[in-house]
Amino acid sequence: MDYLEQLNEPQREAVENVNGPCMIIAGAGSGKTRVLTYRIAHLMNAHNVDPFNILALTFTNKAAGEMRHRIESVVGSDAKNLWMGTFHSVFARILRAEAGRLGFPSNFTIYDTDDSKSLLKNIIKELNLDDQIYKPNMVLSRISMAKNKLVSWHEYTTNPIYRAADEESNRPEIGRIYKAYVERCFKASAMDFDDLLFNTNVLFRNFPDVLNKYQHRFHYVMVDEFQDTNLSQYLITRKLSAVRENICVVGDDAQSIYAFRGADIQNILNFEKDYPSLKVIKLEQNYRSTQVIVEAANSVIDKNRAQLKKNVWTANETGELVQLIKANSDGEEGKLVATHIFEEKMNRQYHNSDFAVLYRTNSQSRSIEEALRRMNIKYKIIGGLSFYQRKEIKDILSYLRFAINERDEQAFRRIINLPKRGIGDSTVDKIMVAAAQLGFPFWEIAKGMQNYIPGRAVHAVAEFVTMIEGFKLTVQSKDAYEAASHIASRSGILKELYEDKTIEGLNRYENVQELLNAIKEFVDNTENEDKSLGAFLQEVALLTSVDEDKDNDPDKVTLMTIHMAKGLEFKAVFVVGMEEDLFPSQMMISSRSDLEEERRLFYVAITRAEKKLFLSYATSRYRFGKLKSCDPSRFLEEINPGYIKVDRKLSNQENRFSATEKDFRSNLVSGMAPPPKTSTPINGYVHKPEADFQPSDTSNLQVGMKVEHPKFGFGMVIKMDLDGANRKASVNFENFGEKTLLLSFAKIKIHSS
């Protein structure tokens, strides 16, 4: 049990408390992954729980892989038998085993977003609807919202509330599109990402025996990043754990930032209502960041009303103040960020990979990219056009998909004339119309086209059919790499790309070769028992953007949106574009709940930093093709001024500050208070305030009074500084020594004796 000795007291409690419902509130940088890892290892080691009876759900394949590797280092190869993975991958596994119950084959295709949009585009065209009103992106978002709320197409079309909303937005046919979309996916033996959750709920609802089987298989259920779950995900996990109620959820409400894709913060805020006997454990010690960064983050998130209260603290070094950078334009902001990165590298011997530049929207990366290129600083963008979204890769993957599932309409449409073989869209449309009229699968029509649609394309279609039928035989007898290599070569795509001697053609050819390398790596991986092409395609379909980053040169500055940065950490972080209407976003300030989500997003950005944090804003920025003046973000003023310093390089621009900006800057400078000298306790002491701890009014605080601080414990006031707007008190704490506290910010309780 040596691993238990590596844990602090709350972490150990979380690991050892294995029975009954449990919620672990894990503050930023508090060792959440270690706790989850050791908790699973402890179940297997100390309680002899069979790994086949443990279900652990994560949000990325990367997180699942890291956890499995760590567990394996403690318990050995038995860790391979855990049911561990993303919600989508685990439920896809269950759906493949039980697909027949829902009328699907076990080898159903998983549609990605592009597949879904392509299908919707076809449906909108077939229904003679205006694609400028019914834009595929918007329609897919609406359908996704419905599925995440477990609203079927039938309920959607009969619910007057949804009908009224669609009519008000001048899109009354959304319901009809939703119905057609579901029917076409079913006909193509395909599910989209949302279906993996929606259909799992349907499976458990309609087939109690199936639910009962998995309830008795999973004795322990654990959910990581619980604050990011939607209704569909929560209901599945609640059903699976209903028999034993050994459910453990881990998360941080302060990092709930995915409402736009269906995440419901109420799942974590109200979890105790669903489980009255719930054990709540708080991990509050931050191991990642300096004291200044932790306290700056605390001062921001403290402004949110809807939250589970916790006192995040750190025993790390005090660290440097947060650096505020002001620029005259977004172009200058990029130059200043690049300059700071260059200087930090020189002064601290940091690597490019130690830096991250975070922004609210992807479009902000342009000026940063240009500045980094000019200074010859290598960078990578997370969340841009990913490897598996490139055309040539999707072309090959469509061939591979169709060789496995001949009912995959989107794959069929993509490859039938690729490379060009004289089969136009009109021929494809005729095949689909004939299939619909005769009630046959479209592949049967294609195979016997001379009997149904005679014409010039019959010979070309027949050759295509013969080729695909050969591919199907290859897939059945070869592993993923052998099958994929054969299909890439025989289809003619590799030859066409090889003969294109342009730089773009060469890049596309190399990309396909890289795909084949990835498949070979998959086959050679001893952890993958199933080496079939179908197994590889499922893994690809469930990849996330962060999972895909396999750059050969890892030493690059990382550029990404704040949403993409969640779960990551860097020595130095730049949060750019700290302006009103940009961050917080103009579209997210119409309600308190929206604004609080934006504030949580800022909290996530701050807490990615380990050693240094830079915040930057521009007084003017190009938005939608026009240069607009900008005001500093309200979030900058929410950080306690004692933890910020203004970039001195900008002092010569003082005369360009507006009066409001001068006041803002003046407040920041004059409000500086020295941060705590240290938060390292004497003899390892950790203070635990009473549950009813409430800060006192400090307006009458005097020298000699005994006070209590939630982190530093009990102490005596030895000096008061009442000069200026920011009142300070020096307190000699019994276990932490002397601290200087800013009274407008510090949470202290006055004791009468």
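The values are calculated or read from the model by the stated rules, or taken from the named source; none is laboratory data. Please read all numbers here as calculations on a predicted model, not as lab measurements. Ideal geometry is used to build each Cβ from the backbone, glycine not excepted, and the neighbour counts take in all protein chains shown. The area values use the complete protein model at the heavy-atom level, side chains included, leaving out ligands, DNA and RNA. Shrake-Rupley method; radii C 1.70, N 1.55, O 1.52, S 1.80 Å.
Scanning segment 293-329 for residues that are buried (at least 24 other Cβ atoms within 10 Å of the Cβ) and among the acidic types (Asp, Glu) yields one hit, Glu295.
Hey, does segment 71-92 have a residue that's of a type in the set (S, T, N, Q), part of a helix (DSSP H, G or I) and open to solvent by less than 10 Å² (accessible area, probe 1.4 Å)? So far as segment 71-92 goes, no, none of its residues is of a type in the set (S, T, N, Q), part of a helix (DSSP H, G or I) and open to solvent by less than 10 Å² (accessible area, probe 1.4 Å).
Within segment 589-621, the residues that satisfy the criterion of being of a type in the set (A, V, I, L, M, F, W, C), within 25 Å of Gly334 (Cα to Cα) and in a helix (DSSP H, G or I) are Leu601, Phe602, Val604, Ala605, Ile606.
Being in a helix (DSSP H, G or I), touching a helix residue (DSSP H, G or I) at 6+ places or on another chain (Cβ under 9 Å) and either modelled with pLDDT under 90 or buried (at least 19 other Cβ atoms within 10 Å of the Cβ) (or both) is the requirement here; does Ile396 meet it? It is true that Ile396 is in a helix (DSSP H, G or I), touching a helix residue (DSSP H, G or I) at 6+ places or on another chain (Cβ under 9 Å) and either modelled with pLDDT under 90 or buried (at least 19 other Cβ atoms within 10 Å of the Cβ) (or both). Annotation: of all residues in segment 114-134 being loosely packed, with under 14 Cβ neighbours inside 10 Å and of a type in the set (S, T, N, Q), the one that is farthest from the chain's Cα centre (by Cα) is Asn128.
Can you find even one residue in segment 215-224 that is free of Cβ contacts under 8 Å to residues at least 24 places away in the same chain, open to solvent by 10 Å² or more (accessible area, probe 1.4 Å), part of a helix (DSSP H, G or I) and of a type in the set (Lys, Arg)? No; the residues of segment 215-224 include none that is free of Cβ contacts under 8 Å to residues at least 24 places away in the same chain, open to solvent by 10 Å² or more (accessible area, probe 1.4 Å), part of a helix (DSSP H, G or I) and of a type in the set (Lys, Arg).
The residues of segment 370-386 that are in a helix (DSSP H, G or I), surrounded by fewer than 15 Cβ atoms within 10 Å (Cβ to Cβ) and touching a residue at least 12 places away in the same chain (Cβ under 8 Å), listed by number, are Glu370, Arg374.
Using the structure shown, decide if Ile54 is touching a Leu at 6+ places or on another chain (Cβ under 7 Å) and more than 25 Å from Ile257 (Cβ to Cβ). The answer is yes for Ile54.
Results for (1) farther than 24 Å from Arg101 by Cα; (2) buried (at least 20 other Cβ atoms within 10 Å of the Cβ), shown as yes or no for each residue.
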site: Glu155; (1), (2): no, no
site: Ile161; (1), (2): yes, no
site: Glu167; (1), (2): yes, no
site: Lys179; (1), (2): no, no
site: Phe186; (1), (2): no, no
site: Ser189; (1), (2): no, yes
site: Pro208; (1), (2): no, no
site: Ile236; (1), (2): no, yes
site: Arg244; (1), (2): yes, no
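Contact annotation: residue pairs with Cβ atoms under 7 Å, 6 or more positions apart or on different chains, pairing a residue in segment 481-496 that is surrounded by fewer than 16 Cβ atoms within 10 Å (Cβ to Cβ) with a partner that is not in a helix (DSSP H, G or I), are Gly492/Pro419. A search for C-beta distances below 6 Å between a residue of segment 682-693 that is loosely packed, with under 10 Cβ neighbours inside 10 Å and any residue that is basic (Lys, Arg) and at pLDDT 75 or above, counting only pairs 6+ apart in sequence or on different chains, returns nothing. Once segment 353-369 is narrowed to residues that are in contact with a helix residue (DSSP H, G or I) (Cβ under 6 Å, 6 or more places away or on another chain) and either surrounded by fewer than 17 Cβ atoms within 10 Å (Cβ to Cβ) or not aliphatic (A, V, I, L, M) (or both), the residue that is nearest to Gly331 (Cα to Cα) is Ser367. The criterion of at least 1 residues that are more than 30 Å from Val428 (Cα to Cα), among the hydroxyl-bearing types (Ser, Thr, Tyr) and at pLDDT 95 or above is met, among helices (runs of 4 or more DSSP H) falling completely within segment 117-213, by 153-158, 193-206. In segment 357-388, of all residues being of a type in the set (A, V, I, L, M) and within 14 Å of Thr339 (Cα to Cα), the one that is nearest to the chain's Cα centre (by Cα) corresponds to Val357. In summary, helices (runs of 4 or more DSSP H) completely within segment 480-526 and bearing 2 or more residues that are β-branched (Val, Ile, Thr) occur at 503-524.
Annotation: Lys391 fulfils all but one of (1) out of contact with any Asp or Glu (no Cβ under 7 Å at 6 or more places or on another chain); (2) open to solvent by less than 60 Å² (accessible area, probe 1.4 Å); (3) closer than 28 Å to Tyr481 by Cα; the unmet one is (2). Note on segment 1-41: residues that are touching a residue at least 60 places away in the same chain (Cβ under 8 Å) and not in a helix (DSSP H, G or I) amount to 16. Within segment 336-358, the set of residues being within 17 Å of Met578 (Cβ to Cβ) and either of a type in the set (A, V, I, L, M, F, W, C) or at pLDDT below 95 (or both) comprises Leu336, Val337, Ala356, Val357, Leu358. Taking (1) at pLDDT below 80; (2) part of a loop (DSSP other than H, G, I, E, B); (3) under 25 Å from Thr290 (Cβ atoms); (4) not β-branched (Val, Ile, Thr) in turn, Ser753 satisfies each apart from (3). Residue-level check: of (1) out of contact with any strand residue (DSSP E or B) (no Cβ under 6 Å at 6 or more places or on another chain); (2) open to solvent by less than 60 Å² (accessible area, probe 1.4 Å); (3) closer than 26 Å to Ala488 by Cα, Arg401 misses just (1). Residue-level analysis places Ser144 outside the set of residues that are surrounded by fewer than 22 Cβ atoms within 10 Å (Cβ to Cβ) and on the phi > 0 side of the Ramachandran plot. Looking only at residues in segment 404-443 that are acidic (Asp, Glu) and in contact (Cβ under 8 Å) with a residue 24 or more places away in the chain, which one is surrounded by the fewest Cβ atoms within 10 Å (Cβ to Cβ)? Per the stated criteria, the residue is Glu406.
The number of residues in segment 531-563 being open to solvent by less than 50 Å² (accessible area, probe 1.4 Å), part of a helix (DSSP H, G or I) and at pLDDT below 85 comes to 2. For the residues Ser367, Ser363, the requirement of being touching an Asp or Glu at 6+ places or on another chain (Cβ under 6 Å), in a helix (DSSP H, G or I) and either at pLDDT below 95 or farther than 30 Å from Asn8 by Cα (or both) singles out Ser367.
Among the residues of segment 340-360, those identified as touching a strand residue (DSSP E or B) at 6+ places or on another chain (Cβ under 9 Å) and assigned to a helix (DSSP H, G or I) are His340, Ile341, Glu344, Lys345, Arg348, Asn352, Ser353, Asp354. For Asn230, the test of being open to solvent by less than 70 Å² (accessible area, probe 1.4 Å) and in contact with a His (Cβ under 8 Å, 6 or more places away or on another chain) is failed.
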